[in-house]
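Structure first, commentary second.
The values are calculated or read from the model by the stated rules, or taken from the named source; none is laboratory data. Given the structure is predicted, the values throughout are model-derived calculations rather than measurements. Cβ placement follows ideal geometry from the backbone for every residue including glycine, while neighbour counts extend to all protein chains displayed. Areas reflect the complete protein model, heavy atoms only, side chains present, ligands, DNA and RNA absent. Shrake-Rupley method; radii C 1.70, N 1.55, O 1.52, S 1.80 Å.
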Amino acid sequence: MRLFRAPGVYAPTADTGLLIRALGAAAIPEGSKVVDVCTGTGAVAIEAGRAGASAVTAVDISRRALASAWLNSRLHGVPLELLHGDFGRVLRRRTFDAVLANPPYVPGPSEAPARGRARAWEGGPHGRALLDPLCRLMPELLRTKGIALIVHSSLCDPDLTVRQLRDGGLKAAIVVRETCEFGPVLRRRADWLEQQRLIEPGARQEELVVIRADRE
């Protein structure tokens, strides 16, 4: 898919493709209402519209990301509702048939909120600065028989994501796994990851996972 990306906006990479493939395998019903959390360029949101969703909402804290998503939605003829801000605030009291999410999840040494371009990937010391609040919010977002698909790295504890979703009353499991080479951010951070024992010495690959949650 040809996409416009403003400077500083997260570039679609392996995790984006993995989430899109999981979306295709999930076969969301025609006419579903879908939200794409941390939309970036809007690539996943656009694919949801192509898959038959009747309404797609795209959320991001970055104005440049939303500008990119708006332009890409026009280029590909898929209308999107664009919401700017923290997903925990802008999505309160709203429900969806499908929630898609590729949140920032890269573990890093800083506990301070990320700024600038780093907001696209920084997930805090455990990579869960956005994953944890998303898991807590998920039961409120999903309609009956709704599904969620969340992609992230094995470096930030997929089993914890599954447990948190189950604790919220959802059925949850890892449905896709794929190993890929480190990207530029993880390569620069490899020594720190080794010191934190998040990777073995010399390891330069990570496993990506997609976790599916269902409200039955």
I199, sole failed condition from (1) within 23 Å of P133 (Cβ to Cβ); (2) surrounded by 17 or more Cβ atoms within 10 Å (Cβ to Cβ); (3) aliphatic (A, V, I, L, M): (1)
Top-ranked residue in segment 140-189 [being of a type in the set (D, E) and either open to solvent by less than 60 Å² (accessible area, probe 1.4 Å) or not in a helix (DSSP H, G or I) (or both); ranked as nearest to G123 (Cα to Cα)]: D157
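Let's see how each residue does on (1) surrounded by fewer than 21 Cβ atoms within 10 Å (Cβ to Cβ); (2) free of Cβ contacts under 8 Å to residues at least 24 places away in the same chain; (3) of a type outside the set (G, A, S); (4) in a loop (DSSP other than H, G, I, E, B):
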position	(1), (2), (3), (4)
P79	yes, no, yes, yes
L83	yes, no, yes, no
G88	yes, no, no, no
A98	no, no, no, no
P109	yes, no, yes, yes
P113	yes, yes, yes, yes
A118	yes, yes, no, no
The lone exception for L71 - which of (1) assigned to a helix (DSSP H, G or I); (2) closer than 23 Å to A27 by Cα it fails: (2)
Odd one out for A65 among (1) farther than 20 Å from L19 by Cβ; (2) in contact (Cβ under 8 Å) with a residue 12 or more places away in the chain; (3) assigned to a helix (DSSP H, G or I): (1)
Test for E207: is it out of contact with any Ser or Thr (no Cβ under 7 Å at 6 or more places or on another chain) and not polar (S, T, N, Q): no
Residue check, G52 surrounded by fewer than 17 Cβ atoms within 10 Å (Cβ to Cβ), free of Cβ contacts under 8 Å to residues at least 24 places away in the same chain and either in a loop (DSSP other than H, G, I, E, B) or out of contact with any helix residue (DSSP H, G or I) (no Cβ under 8 Å at 6 or more places or on another chain) (or both): no
Evaluation of E216 against (1) among the acidic types (D, E); (2) modelled with pLDDT of 95 or more; (3) not in a strand (DSSP E or B) (one fails), failing number: (2)
Within segment 1-49, considering residues that are charged (D, E, K, R), in contact with a Leu (Cβ under 9 Å, 6 or more places away or on another chain) and not in a helix (DSSP H, G or I), the one most open to solvent (accessible area, probe 1.4 Å): R2
Single match in T144, T179 (criterion: touching a Lys or Arg at 6+ places or on another chain (Cβ under 7 Å) and of a type in the set (S, T, N, Q)): T144
Answer from D214, D132 - the residue that is of a type in the set (D, E, K, R), touching a residue at least 60 places away in the same chain (Cβ under 8 Å) and open to solvent by less than 60 Å² (accessible area, probe 1.4 Å): D214
Enumeration of residues in segment 55-68 that are open to solvent by less than 10 Å² (accessible area, probe 1.4 Å) and within 11 Å of the chain's Cα centre (by Cα): V59
